1. For a paramagnetic label modelled at 7 Å from the Cα of Leu106 toward its Cβ, which residues of segment 267-284 fall within the zone defined by backbone nitrogen distances under 18 Å?
2. Kirkwood Rh, Cα Rg: Rg to Rh for segment 50-282?
3. Give me the one-decimal nm value for the distance between modelled label points at Glu123 and Asn191, 7 Å along each residue's Cα-to-Cβ direction.
4. Taking every pair of alpha-carbon atoms in segment 210-284, give the share separated by more than 19 Å as a whole percent.
5. Can you tell me how much longer the chain between His200 and His265 gets when fully stretched, taken as 0.36 nm per residue apart minus their C-alpha distance, in nm with one decimal?
6. Give the average over all directions of the projected area of the C-alpha convex hull of segment 160-284, one decimal, in nm².
Amino acid sequence: MKQTLTSILVLALATCAWAQEKETTRITTTTTTVAKSEFDLLGGETWNVTDATPFMCGAWDLRLAGRWTETARTSEGNGDGRGDDTDDRWTIQPNLVWGVAENWELSLTVPINNIENLSDAPEGNYDSYFGILWRFKEQEGFWPAMALGSNLRIPTGEDSNGVDWELRLALTNEYDSGIRSHLNFFGITANGDNIEDLRHFQYGAVAGLDGPLCADGAVRWVLDYMYRISDHDGGGGQNIGEAGWQWQINECNKLGMSVQVGLDHAEETSDIGAALTYAYTILP
């Protein structure tokens with residue numbers, strides 16, 4: 001009898017230990033998993049690619065981005081070579097993003113260009129950009145999620161005029177591995193007169209990938225490539241590659257960083273650049 005009671009006691013203790021371990025594992029998994037909605041990339045501030053995932057419904061994102069680009073000056077500028085005679089440009093971009101409804105996102109940004117020398121900033125500095133993103137189809141089987149994005153430039157800046165409008169189709173497909181693929185097509189109608197020989201219709205495309213760098217998906221790597229026609233009539237195309245990462249620090253804080261490289265050495269393409277974005281989320 002004593003042996004039987006001992007066996008039952010050992011079995012009961014082992015069962016309790018197994019159940020406690022299972023419960024602990026379940027709780028740990030729940031608290032460390034990043035929600036799918038938090039995979040929304042910091043597009044426009046940090047990346048050239050736009051994610052078809054709208055921002056979390058009812059939430060607000062307060063974003064602050066900094067961009068730096070370096071372009072070799074040409075003989076038409078203040079230099080005549082591609083050596084050390086370069087042109088650095090800095091931009092600060094505050095952005096407000098609102099998940100206005102399910103599958104809908106609104107945004108407002110006012111970039112500040114040439115912050116190192118605001119007295120020599122280009123025309124149109126402090127222009128306002130109003131954006132909207134609508135996901136009209138979620139991912140189903142082999143069909144990716146699809147969204148339409150629109151961005152409107154209002155000439156609220158210095159010596160600015162004309163209204164520019166961009167329409168973009170964004171496709172995003174997520175795979176079992178956690179890797180996602182993105183494809184964007186965009187067209188722009190540009191109507192300001194601050195650029196000589198302005199091309200009034202511009203277009204381009206972006207292809208990108210992002211995927212998890214850790215088990216819970218809180219840190220993700222990002223790659224993208226963009227082709228865009230030149231701003232100038234008669235100019236060639238721009239080819240830019242980007243690489244970086246995005247970190248979901250917690251449910252309210254995220255950080256993204258990218259570096260970009262010009263792949264064509266065209267006059268309109270930056271030779272090298274970098275972007276850093278911090279975002280604070282106000283949850284509903």
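1. In segment 267-284, the label zone of Leu106 (backbone N under 18 Å from the point 7 Å along Cα→Cβ) covers 282-284.
2. 0.96
3. With each label placed 7 Å out from Cα toward Cβ, I get 1.6 nm.
4. Summing the P(r) tail past 19 Å for segment 210-284 gives 49 percent.
5. So the chain would gain 21.1 nm between His200 and His265.
6. The orientation-averaged projected area of the Cα hull of segment 160-284 comes to 9.7 nm².
Laboratory data are not the source of any read-out in this text; all were calculated from the coordinates shown. Predicted, not measured: the structure shown is a model, and the values here were computed from it. Every residue, glycine among them, receives a Cβ derived from its backbone with ideal geometry; neighbour counts consider all protein chains shown.
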